[in-house]
Each structure stands twice: as structure tokens, then as C-alpha cells.
Amino acid sequence: METEILSPANDWIFKLLFGDERNKSILIDLLDSFVELPKEEFEMVAVKNPEIRKAVDTLYELSSDDQVRAEYEQRQKAWRDRNSQIEGYYLDGIAVGEQRGEQRGIGIGKLEIARKMKEMGDSDEKIYALTGITQDRL
């Protein structure tokens, strides 16, 4: 029963997405993920299901078209470049956050030291000279 529900032959969303010429690139991406299977397993799945057979035939047809293949590779490169750029921004953000956190921690530490120095009776001049904290911040 569960296999029938999940079967692409019965799934109208599958047919809607992959049955439309405008969504050819989505079909190619999906089928490319299947390509990692050994060819025998890939063909075995295709034989069992006419919708998958049609998709596999489309994959073979598109894979043999040099222009379509070039367009696919160009999209893949753009996708990888975009992900790399996003990862770079993410890492830059982490670095900035770490730097801000370190600076804040240093400032908090200096303030604690200055307050302890004040409690111990050190002069404002000495506190400022050692920590850079002024009287009005204590």
C-alpha cells in the first residue's frame, strides 16, 4: 500500500513537475542523483515503472545533447559558486562576531580589574594608566 502511495506513477505532483518541458532542469538534477547508482540498478528501476522509464530515456537523450549538457554544467557551476560565496560570507560573519566578542570580553575584563583596583584603594590615575578605564565608567 505504502509503495502505491509513494509511486511516481500515482503522484500527480511528480507528473506536474517532471512532465512539463519547462521543468526539464529539475528532472535532469533528479536523474543525475540516480546516475550514482550502478547502471544495472538504474535500468532495473526504470523497467519496473513506465514513468521512470520515460525519465531515464529523457536523461539519456539530454545527456547526449552537448548544448543541454553544457547548460546543465553551467547551472551546476553557478550553483556551486553561489554556495561557495554564501559559505564565505558565513565564515566572514563568524570571524567578525568572534572579534567583537573578544573585544567585548577584553573590555569587561578591564572594567572588572579597574573596579577591584578601586576597591583596593588605587588612585584613578593608576587605574587609568593600567586599564584605560576612566573614573566615570567605574
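Just so you know, all these numbers are worked out from the coordinates, no wet-lab data involved. These numbers were taken from a predicted model, which means no experiment stands behind them. Backbone-built Cβ (ideal geometry, glycine too); neighbour counts: all protein chains shown.
Listing for the model above:
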read-out	value
Selection within segment 110-138 - touching a helix residue (DSSP H, G or I) at 6+ places or on another chain (Cβ under 8 Å) and among the small types (G, A, S)	A114, G132
Residue match in segment 73-90 (condition: surrounded by 10 or more Cβ atoms within 10 Å (Cβ to Cβ), within 26 Å of E21 (Cα to Cα) and hydrophobic (A, V, I, L, M, F, W, C))	yes
First in segment 92-111 and touching a residue at least 24 places away in the same chain (Cβ under 8 Å), second anywhere and surrounded by 10 or more Cβ atoms within 10 Å (Cβ to Cβ) and in a helix (DSSP H, G or I), Cβ under 8 Å, 6 or more apart	L111/T131; L111/R137
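Here's the yes/no breakdown for (1) more than 30 Å from K24 (Cβ to Cβ); (2) of a type outside the set (A, V, I, L, M, F, W, C); (3) outside any helix (DSSP H, G or I):
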{"position": "E40", "(1), (2), (3)": "no, yes, no"}
{"position": "T58", "(1), (2), (3)": "no, yes, no"}
{"position": "Y72", "(1), (2), (3)": "no, yes, no"}
{"position": "S84", "(1), (2), (3)": "no, yes, no"}
{"position": "I106", "(1), (2), (3)": "yes, no, no"}
{"position": "D122", "(1), (2), (3)": "yes, yes, yes"}
